[in-house]
Amino acid sequence: MSQFVTARKAVLVFAAILAVALIAEFVLLEGTLGVSLPKDRNSAVSTLEIKVKGTEPHFLTRNRRFTVVELLTEHGTRSEALVLRETLFMDRAPDVEGPPNATVTVEAMNGEAVRWTFQERGERGEPVTGDVYLVTKFSGGDGPATYTYFSLRDGSKLRAIHNKLSDDELTVLDGSVVK
């Protein structure tokens, strides 16, 4: 009987620890990386939090939005639509030199399934052609901004440069993505 009580306590303790660990993991993933449950993937909520770190106030913003893009074939016909779930996170502190701590995270969904995802440091993100996504990281000083281009077909990084591509260069890059 004593062994049964001990085993039962062990099972209850294990179940309690497991439940706390799962809840903590969910809070950590949702709060820091923006990872969500599949049922929440069709929801976009923006948040603002003001924290004091040391003596400086920090403004933490997380803006989420959806953008629908249509991928094209080599011949210019529509092949499929993807829904981009974009999360733009920024930790901005007034009177602090340099760029803010900021990231752009993009998840491409076709239906309920996530097809690919990427995350890049930067303050702004947007699809710039039918097959290319641009993330802009400003320098916050005298240095140049960084422009990073990604494929909307598979989320791979195509190019990171300090001068924004011209329309002609962007057309060539867009054409190189279509295979």
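GLU112 satisfies every condition listed in (1) crowded, with 16+ Cβ neighbours inside 10 Å; (2) at pLDDT below 90; (3) not hydroxyl-bearing (Ser, Thr, Tyr) except (1). For the criterion of being in contact (Cβ under 8 Å) with a residue 40 or more places away in the chain and in contact with a His (Cβ under 9 Å, 6 or more places away or on another chain), ALA93 passes.
For first residues located in region 71-84 and outside the structural domain of GLY155 (by TED's automatic domain parsing) and surrounded by 12 or more Cβ atoms within 10 Å (Cβ to Cβ), partners that are modelled with pLDDT under 65 and not in a loop (DSSP other than H, G, I, E, B) and lie 6+ apart or on another chain with Cβ distances below 6 Å do not occur.
Do we find a residue being surrounded by fewer than 18 Cβ atoms within 10 Å (Cβ to Cβ), under 23 Å from LEU60 (Cβ atoms) and not β-branched (Val, Ile, Thr) anywhere in region 143-165? The answer is yes; a qualifying residue exists.
Residue by residue through region 88-101, note down the ones that are buried (at least 20 other Cβ atoms within 10 Å of the Cβ) and either acidic (Asp, Glu) or touching a Leu at 6+ places or on another chain (Cβ under 9 Å) (or both).
Scanning region 88-101 gives a single hit, PHE89.
Taking the condition of a type in the set (Asp, Glu), surrounded by fewer than 12 Cβ atoms within 10 Å (Cβ to Cβ) and within 30 Å of PRO57 (Cβ to Cβ), does GLU126 pass? No, not satisfied. For region 82-107, residues that are of a type outside the set (D, E, K, R), part of a strand (DSSP E or B) and either touching a helix residue (DSSP H, G or I) at 6+ places or on another chain (Cβ under 9 Å) or under 14 Å from VAL135 (Cβ atoms) (or both) total 10. Here ASP131 meets each of (1) touching a Lys or Arg at 6+ places or on another chain (Cβ under 7 Å); (2) under 30 Å from VAL52 (Cα atoms); (3) crowded, with 16+ Cβ neighbours inside 10 Å with one exception, condition (2).
The values are calculated or read from the model by the stated rules, or taken from the named source; none is laboratory data. Bear in mind the structure is a predicted one, so any value in this text is a computation, not a measurement. Glycine gets a Cβ as well: all are built from the backbone with ideal geometry, and neighbour counts include every protein chain shown.
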